[in-house]
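K.L.:
Below is a structure I'd like to ask you about.
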Amino acid sequence: MVTNQALANQSKSNGEEPISMQRRILMGGALAALLVSPRSIMADDGEDTEAPNDPFIVLLSGIYQPVAMGQGPESNLGLTKVNLNDGTYSTTQIYPVFGIDGTGKHKHKKKAIGTFYVQFNGNLCAYDLPGGAFAMSFNSVPEGAPPGFNGFVPFPDGHNGVFLEGTFELMIIEAIGVYGAFQGGHNHMVDKLHQLANGQFNEFCFCNISTYQFP
């Protein structure tokens with residue numbers, strides 16, 4: 001890198017006056033600006049993302065929409081343990097509750113910050129969140145587990161639909177971006193899934209995500 005002193009010496013050799021202190025400061029600032037990392041520029045624009053708390057909590061909420069084959073997210077969110085383009089996933093929105101924020105215009109508790117992908121006929125899911133993504137697998141139902149543990153208990157909603165309530169334990173099988181430390185960690189879900197009379201599913205599920213294993 002060319003230093004400010006070298007620029008001043010070059011001016012002397014050309015018979016010119018040394019570059020003034022003010023000009024050197026300005027030129028030094030310009031050189032520094034060229035070396036600013038993309039991450040720092042993003043921070044200035046309000047788009048930088050910090051790692052979340054451990055644990056952090058998000059809410060899955062909204063009507064599920066199917067993802068047609070080949071219509072999943074570009075580059076599969078960078079994940080390798082799931083295939084979000086195989087036509088087996090449905091999506092709903094993710095909202096911040098505790099220990100995690102959105103970026104830019106999404107930094108608001110009432111606005112969605114990401115997308116949740118889940119297999120209704122399978123045991124895999126994924127979270128697309130600011131700064132990275134997760135892939136998770138649902139744990140199997142242990143022998144002798146009470147109703148509602150890693151499974152749903154149905155309750156009529158009085159309008160020809162059903163509330164499906166239960167808790168679920170998930171293993172984090174892949175975590176990328178700012179969530180890398182959470183790989184191998186745990187997700188505890190508390191779910192109240194509403195199956196509407198028209199057959200659609202309306203999600204309302206709290207997810208407590210942590211780096212430590214479930215006992």
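K.L.:
If we keep just the residues of region 60-88 that are surrounded by fewer than 19 Cβ atoms within 10 Å (Cβ to Cβ) and of a type in the set (A, V, I, L, M), which is nearest to the chain's Cα centre (by Cα)?
P.N.:
Across region 60-88, the extreme among qualifying residues is ILE63.
K.L.:
Collect the residues in region 148-164 that are among the hydrophobic types (A, V, I, L, M, F, W, C) and part of a loop (DSSP other than H, G, I, E, B), keeping them in residue-number order.
P.N.:
PHE152
K.L.:
In the set ALA181, ALA135, ALA145, which member is small (Gly, Ala, Ser), touching a Lys or Arg at 6+ places or on another chain (Cβ under 9 Å) and either modelled with pLDDT under 95 or not in a loop (DSSP other than H, G, I, E, B) (or both)?
P.N.:
Testing whether each residue is small (Gly, Ala, Ser), touching a Lys or Arg at 6+ places or on another chain (Cβ under 9 Å) and either modelled with pLDDT under 95 or not in a loop (DSSP other than H, G, I, E, B) (or both) leaves just ALA135.
K.L.:
Would you mind finding the one in TYR127, TYR117, TYR179 that is touching a Gly at 6+ places or on another chain (Cβ under 6 Å), assigned by TED's automatic domain parsing to the domain that holds SER61 and among the hydroxyl-bearing types (Ser, Thr, Tyr)?
P.N.:
TYR179
K.L.:
So, in region 41-91, exactly how many residues are β-branched (Val, Ile, Thr), out of contact with any strand residue (DSSP E or B) (no Cβ under 6 Å at 6 or more places or on another chain) and modelled with pLDDT of 95 or more?
P.N.:
Matching residues across region 41-91 total 1.
A quick yes/no check of all residues on (1) assigned to a loop (DSSP other than H, G, I, E, B); (2) surrounded by fewer than 18 Cβ atoms within 10 Å (Cβ to Cβ); (3) of a type in the set (Val, Ile, Thr):
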site	(1), (2), (3)
SER90	no, yes, no
LYS110	yes, yes, no
PHE116	no, no, no
THR167	no, yes, yes
LEU170	no, no, no
ILE176	no, yes, yes
MET189	no, no, no
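The values are calculated or read from the model by the stated rules, or taken from the named source; none is laboratory data. What you are looking at is a predicted structure, and each value in this text was computed from that prediction instead of being measured. Here the Cβ is made from the backbone with ideal geometry for all residues, glycine too, and neighbour counts use every protein chain on show.
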